[in-house]
Structures are given as C-alpha cells and as structure tokens.
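Below: the structure, in structure tokens.
The values are calculated or read from the model by the stated rules, or taken from the named source; none is laboratory data. Since the model is a prediction, treat every value here as computed from it, not as a measurement. So basically every Cβ, Gly included, is an ideal-geometry build from the backbone, and we count neighbours across all protein chains shown. Note: areas computed on protein heavy atoms with side chains; ligands, DNA, RNA excluded. Shrake-Rupley method; radii C 1.70, N 1.55, O 1.52, S 1.80 Å.
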Amino acid sequence: MKRLLTVLVAVLATASAIGAVAFAGRGPDQITLPDGFRPEGIAAGKGTSVYVGSIPTGRVLEIDTRTGTSREAVPARAEHAAIGLKYDRGANRLFVSGGPTGKAFVYDANGGAELAAFQLTAPGEPTFINDVVLTREAAYFTDSRQPVIYAVKRDLSGVTPIALTRFPMTPGENNLNGIEAAPNGRVLLAVQSSEGVLWRIDPATGSHAAVDLHGAELTDGDGLLLIGKRTLLVVQNRSNQIAVVKLDSDFRSGRVVRTITHDGFDVPTTVARKRGSLYLPNARFTTPPMPDTKYWVTRVGGP
C-alpha cells in the first residue's frame, strides 16, 4: 500500500510539472511595450514571433511571444507611421500601412531597410491608410477616408487603385478599416468602423455588398483575422472586445456567435494568432498619449 501511494504521489507530481511547463510554454499574458510607444498594428511572424508597429514613428518591434522579449525590426523614421501591418514570410518583408502619410511602406524584416514607399493618395487629399492584407498576388490596403482599396503587387512592381463606386462613406469618420481575404484571394472582407458594417469586396472589380449579419452591428470594428475558412475575428476597439463571426461558405452572410473580453483590454486594435493564443496591442485611445504612457500587448485564448 505504501509503495502504491508513493507511485501515485510521483505520478501526480509529474503531471503537475508537465502542466506547469505547458502553461509556461504559452508565454506571458501581458507583454510590456516601451513607454510612449503608441501601438496599433500586429502581425504574426516566423516561429513564435509577432511584429508590433508604433503609430507616430513607424518603428516596428519583433516580439518573442514565449518570453516577451523584443528587438527592433524597423527603426523610427521621420514622416513615417505604422498602422496595420503584415509579414511576408516568403520574402521576409513587412508591408506597413502609413496612416496619414498616404503611403504604403515595405521593409526588410531583418535590418529594417526601406525597400519601397508607395504614395497611394495624392498630396493634400484626405487619407488614412489603415490596414493591409496579403494574398498570393498582392497586398491590399484600406484608406479610411477614401472609397478605394489599393493593390500593391507582392513583387513591388506597382500599385493599382480599386475604386469602390457608390460606396456609402461617412463624412469625417474612419470608414474602411480592418481587411482580410478569403484563402483563394478572390474575396476581400473589410469592416466599416463608422457604421459597424462588414463588407464583401471583389478585388477584381471593386463591386461590394454588405455581409448579412442578421441584425448584428460590429460597432468600433477595427482589425480582422480569418481563422480557417469561415471564422472571422473582428476586434471592436473602444468596445474592448472581439466578435467571433461564423461566415457562410461564400462570405455573403454570417452570425456573431460569441464575444471575447479580457480585463487586460484597453482599446485593443488588431489581432494576431500564435500557438492557439491571440495577441492584441492596446492603443489606449481614451488615454492622452504622453512619453511615459504605458502600453502593452494582451494574450487571450483563441476561439
């Protein structure tokens, strides 16, 4: 009997140790960013890394989600900005939305060299290049102040504007914001922050239609992330939550099946997925930005 108890204790201790290792292996629940960093976009990188950009400086950090440690992937530059961003694994490049600059920036992810800067809108035109998604052929950028999506070729050989004719813009507000693409790249999804509407867009023609969400509104809709073929995550920044939308097979309708909240959210803006966890930078738009303002990335369990 004594021997049996000893064995049971050993088994329980081993199981506990394994559980502790598994928990620790997920990495920290909160990753501290530099004071005054003002994050917005996040993108999944290689291995366990994610990239997070700084709105006013264009600086991008690569963060190891296992440890929370970071390195500078792209240095700060004058007259640059970093809003939404995506990582091109094949070419080891970062495609970055330039916000009020009206530009799309492309950087080498190793040393941060600027490989291209595309002027998407004419100088003086209202613009806010907000988010980007990569497909096999192009990087598609939204402009929250113009009814247009810009397609930058993956080989950096040029850019094509895709007009969204008769798109119902809300004057003076952020319109199209977060953007995603179907796995085959033939359909784009973008959320209109000002109206809480999810749009289905044909990148070949610019034709667009609202996705039928059966009465649900994606208030404060910001970053998007498609998981698998039909599960769409919509970050609702000032609502401090993520809407989980189950889409039909052709992306014409869907239902909000649940929301994800967390005490660590303070105006989260975008989302990346690593090892079954979701990582969201907190832009803290309701907090006046100061040099010593605290910023962080929150980890939550995925759907």
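Checking each residue in the range 195-219 for being open to solvent by 70 Å² or more (accessible area, probe 1.4 Å) and either farther than 16 Å from residue 163 by Cα or basic (Lys, Arg) (or both) picks out 195, 212, 214, 215, 217. Only one entry of 300, 245 meets the criterion of being hydrophobic (A, V, I, L, M, F, W, C), surrounded by fewer than 21 Cβ atoms within 10 Å (Cβ to Cβ) and in a strand (DSSP E or B), and that entry is 300. Just name the residue that is most open to solvent (accessible area, probe 1.4 Å) out of those in the range 253-270 that are out of contact with any Pro (no Cβ under 9 Å at 6 or more places or on another chain) and part of a loop (DSSP other than H, G, I, E, B). Among residues in the range 253-270 that are out of contact with any Pro (no Cβ under 9 Å at 6 or more places or on another chain) and part of a loop (DSSP other than H, G, I, E, B), the one most open to solvent (accessible area, probe 1.4 Å) is 263. Among residues of the range 105-123 that are farther than 15 Å from residue 60 by Cβ, those with a Cβ under 7 angstrom from a residue that is aliphatic (A, V, I, L, M) and open to solvent by 50 Å² or more (accessible area, probe 1.4 Å), sequence gap 6+ or separate chain, pair up as 118/159; 120/159.
Can we say residue 150 is touching a residue at least 24 places away in the same chain (Cβ under 8 Å), open to solvent by 10 Å² or more (accessible area, probe 1.4 Å) and in a strand (DSSP E or B)? Here the answer is yes, as residue 150 does meet what is asked.
The set of residues in the range 45-64 that are farther than 16 Å from residue 91 by Cα, part of a loop (DSSP other than H, G, I, E, B) and either touching a His at 6+ places or on another chain (Cβ under 7 Å) or in contact (Cβ under 8 Å) with a residue 24 or more places away in the chain (or both) comprises 48, 55, 56, 57, 58. Here residue 192 meets the list (1) open to solvent by 40 Å² or more (accessible area, probe 1.4 Å); (2) of a type outside the set (A, V, I, L, M); (3) within 20 Å of residue 231 (Cα to Cα) almost entirely, failing just condition (1). Restricting attention to the range 153-200, the residues that are part of a loop (DSSP other than H, G, I, E, B), of a type in the set (S, T, N, Q) and modelled with pLDDT of 95 or more add up to 7. Scanning the range 74-93 for residues that are part of a loop (DSSP other than H, G, I, E, B) and either of a type outside the set (A, V, I, L, M) or within 10 Å of residue 106 (Cα to Cα) (or both) yields 75, 77, 79, 80, 84, 89, 90, 92. Only residues that are more than 19 Å from residue 132 (Cα to Cα) and either under 16 Å from the mean Cα position of the chain (by Cα) or not in a loop (DSSP other than H, G, I, E, B) (or both) were counted across the range 219-241, and they come to 3. Do we have residue 16 as at pLDDT below 95 and of a type in the set (Ser, Thr, Tyr) here? In short, yes. Pairs meeting the criteria (first residue in the range 126-138 and aromatic (Phe, Trp, Tyr), second residue at pLDDT 95 or above and surrounded by 20 or more Cβ atoms within 10 Å (Cβ to Cβ), beta carbons under 7 Å, at least 6 apart or on different chains) are 128/99; 128/143; 128/144; 128/145.
Annotation: residue 182 fulfils all but one of (1) under 25 Å from residue 45 (Cα atoms); (2) open to solvent by 20 Å² or more (accessible area, probe 1.4 Å); the unmet one is (2).
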